[in-house]
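All remarks here apply to the structure that follows.
The values are calculated or read from the model by the stated rules, or taken from the named source; none is laboratory data. These figures come from a predicted structure and were not determined experimentally. So basically every Cβ, Gly included, is an ideal-geometry build from the backbone, and we count neighbours across all protein chains shown. Remember, those area values only see protein heavy atoms, side chains included, never the ligands or the DNA or RNA. Shrake-Rupley method; radii C 1.70, N 1.55, O 1.52, S 1.80 Å.
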Amino acid sequence: MSIWILFKLLGSLALLMFGMKSMSESLQKMAGPQLRHVLGAMTTNRFTGMLTGMLVTASVQSSTATTVMTVSFVNAGLLTLAQAISVIMGANIGTTLTAWIMSAGFSFNITDFVYPAFFIAIILIYYKQKRYIGDFLFGIAFMFLGLGTLRQTGIDMNLGENQAVLEFFSSFDPNSFGTTLLFLLLGGILTFCVQSSAAVMAITMILCSSGVLPIYQGIALVMGENIGTTVTSNLAALSANTQARRAALAHMFFNVFGVVWILFVFRPFVDMVCGFVGYDVTMTKEAAGAHAFIANAAKLSFVLAAFHTCFNVVNTFILIWFIPQIEKLVCWVIKPKKVDEEEDFRLHFITAGFMKTPELSVLEAQKEIQAFSERMQRMFNMVRELLTLSSSETAKKNSAQVGDFNKLFTRIEKYEGISDNMELEIAKYLDQVGDAHLSDDTKAKIRAMLREISELESIGDACYNIARTISRKYQGKQDHFTDKQYEHLHQMMELTDEALSQMNRLMNGRKDAYDVNRTFNLENEINNYRNQLKSQNINDVNNHEYTYAVGTIYMDIIRECEKLGDYVVNVVEARMGTRQKDLN
């Protein structure tokens with residue numbers, strides 16, 4: 001084999017992989033949100049879940065994308081793990097469409113048809129509203145160009161006449177069970193190394209179509225590809241959250257179980273598939289002649305695609321009845337990490353490193369921001385509790401009371417560190433997602449999310465500032481607040497907490513069901529109450545109801561609550577894409 005043909009082979013494989021990636025991503029840009037809604041609505045039972053996974057995967061040509069969406073819904077509590085497993089089973093069937101597309105590309109020369117597609121695609125790309133269709137056409141044209149080049153390269157290599165290659169493959173006993181296991185292992189290793197089952201499938205089709213690789217060994221390679229692609233997912237999921245790792249393990253169990261049972265009925269099953277396609281397993285070149293043998297070998301790519309589909313359909317039909325048991329198994333194998341979720345600053349929803357799909361990563365980030373928002377309200381409630389503890393300072397401070405106060409203040413301090421870490425980690429993740437080619441809607445969402453996390457971190461800072469002020473007052477020698485001051489502080493905090501509750505209602509619900517005016521009205525109430533207390537504070541200090549120093553600390557807390565209310569409005573505006581002045 002000349003070096004030129006080797007580079008042509010590698011280059012056409014790269015073109016095939018790039019085309020599939022471009023096609024999948026452009027489809028997700030066009031239909032990402034709709035696909036997420038379909039997944040959420042059509043998984044009422046295991047059968048609709050399987051059908052949904054199959055249709056979505058066939059639509060976007062990426063089982064990875066379907067798995068990402070599925071894991072996201074499990075994290076969000078919209079799907080149970082059992083429903084997710086049914087979707088993943090369906091995704092395994094949907095992804096077999098790729099093999100059929102490739103087998104069509106190997107059966108006839110389609111490269112002549114890709115050039116008009118390139119021309120139409122470049123025109124569409126310059127139309128803003130049609131550019132994703134142009135990207136899709138480019139992707140599918142590159143894929144078919146890669147397939148056509150691979151087909152031609154296989155012909156140019158003339159493997160059927162290459163004595164060294166023929167002798168190599170003939171050295172394996174086709175009737176040996178050990179040969180089947182060897183090729184199965186080889187298929188898994190190759191898929192793991194090149195990180196693409198499609199590329200290994202293409203190589204298998206070249207070898208089988210040229211007549212050098214018997215169909216049984218070729219199908220063993222396909223079986224190995226099924227396992228190899230799940231090993232990649234499981235390794236990537238090691239750094240991900242518990243549910244992501246369980247979903248990846250369920251995917252691996254599904255494929256490994258299928259390979260195990262098919263080994264017991266290997267020959268009869270393959271012969272049955274060959275009968276469906278019309279391929280004669282017993283035909284030899286010497287007995288039938290070169291022309292008939294080549295015509296028979298041309299069907300091999302369809303045999304591989306048909307086996308891939310039949311294998312996954314039968315495997316799904318067997319295992320779909322045992323989804324609850326599979327769920328129990330993966331939950332038993334992968335137990336949740338015993339950490340205090342309240343005190344742990346790790347991201348819980350973003351599956352870093354696990355099956356990245358930019359258009360769908362936004363959903364992961366959105367769930368993380370919702371958790372961030374809820375955590376900030378919990379932090380504010382701790383501050384309210386801290387104020388309540390400090391209000392008992394008129395009584396003699398015993399060691400238990402001081403200990404409770406200090407312990408709560410330490411927790412608030414820890415939460416402030418958590419808010420800083422969450423802002424940086426989510427921003428880093430969104431920055432990575434933003435490096436990919438995204439739709440305009442997704443870019444706008446990422447910009448809004450970056451503003452949201454910045455404002456949420458400011459809420460954490462405001463809570464910490466209030467806590468420090470209360471602590472300084474509690475630990476110091478200043479006079480205590482009057483009962484009226486405590487009453488005003490609690491009332492101001494009640495208004496602020498209501499604003500935070502409204503914000504979290506928006507973060508966890510739908511924008512179209514949210515009344516944004518309620519938030520703006522609350523902010524006006526907070527501002528008016530601050531102004532009222534500011535005037536009253538000046539009068540109270542002048543009337544010597546308390547000292548100027550106590551009044552200063554008192555107003556510091558009031559002003560910080562008012563700032564916190566402003567940050568809440570900023571978060572709401574970022575999420576709604578609406579500014580308050582636009583509504584006035």
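Assorted remarks:
- Note on residue 547 and residue 235: the extension gain reaches 105.9 nm, defined as 0.36 nm multiplied by sequence separation minus the Cα-Cα distance.
- Once both labels are positioned 7 Å from their Cα atoms along Cα-to-Cβ, the gap between residue 501 and residue 261 label points is 5.3 nm.
- For the residue pairs 128/443; 367/428; 128/367; 534/563, the alpha carbons lie more than 19 Å apart in 128/367.
- In this simple spin-label approximation, residue 277 and residue 118 carry label points 7 Å from Cα along the Cα→Cβ vector, and these lie 3.0 nm apart.
- Ordered from longest to shortest, the equivalent ellipsoid semi-axes for region 505-584 are 34, 12, 9 Å, each the square root of 5 times a Cα gyration tensor eigenvalue.
- Simple spin-label estimate for residue 181 and residue 111 in nanometres, 7 Å along Cα-Cβ: 4.2 nm
- Probe 1.4 Å - accessible area at residue 546, Å² to nearest ten: 20 Å²
- Solvent-accessible ranking of 510, 246, largest area first, probe 1.4 Å: 510, 246
- Förster radius 25 Å - calculated FRET efficiency between residue 331 and residue 468, Cβ distance, rounded to 0.05: 0.05
- For region 441-529, the Kirkwood hydrodynamic radius comes to 15.6 Å, computed from all pairs of different C-alpha atoms.
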